[in-house]
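Asker: Here it is, the structure, as structure tokens.
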Amino acid sequence: MKLLTAAQLAELLGMNTAVVLRWHRAGRIPAKIHTKRFIRFVYDDVIEALHATLPPADPSFLVY
């Protein structure tokens with residue numbers, strides 16, 4: 001289990017570090033270690049949390 005900083009996680013997800021920190025503060029993604037100035041994330045835990053918050057797929061959008 002590799003712990004990632006917010007910047008490292010943001011780079012892996014292709015987004016801004018501020019978004020990662022905002023999602024964490026909002027409770028959307030979990031942190032493994034969290035103090036006032038020290039936050040570390042586990043990539044697999046974050047991906048699982050994000051998948052859990054996605055709305056269900058709408059089958060009408062499928063193209064056959």
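Asker: Kindly report the accessible area of the chain per residue (heavy atoms of protein chains, probe 1.4 Å, no ligands, DNA or RNA), in Å².
Answerer: Per-residue value: 79 Å².
Asker: Moving to a separate point now. Can you send over the carbon and sulfur percentage of the accessible area for the chain, probe radius 1.4 Å, protein chains only?
Answerer: 59 percent
Asker: Let me ask something else about it. Report, as a whole number in µm² per second, the diffusion coefficient that Stokes-Einstein gives for the chain at 4 °C and 1.567 mPa s using the Kirkwood radius over alpha carbon pairs.
Answerer: Taking Rh from Cα pairs, D becomes 101 µm²/s.
Asker: Also, I was wondering about something else. Determine the dipole magnitude for the chain: charges of +1 sit on the beta-carbon of Lys and Arg, -1 on that of Asp and Glu, nothing else is charged, the reference point is the Cα centre, and the result goes in debye to the nearest 20.
Answerer: Taking the Cα centre of the chain as origin, the dipole is about 480 debye.
The values are calculated or read from the model by the stated rules, or taken from the named source; none is laboratory data. Note that this is a predicted model, so its numbers are computed, not measured. Because the Cβ atoms are built from the backbone with ideal geometry, glycine has one as well, and the counts that use them run over all protein chains shown. Heavy atoms of the whole protein, side chains included, go into the accessibility calculation; ligands, DNA and RNA do not. Shrake-Rupley method; radii C 1.70, N 1.55, O 1.52, S 1.80 Å.
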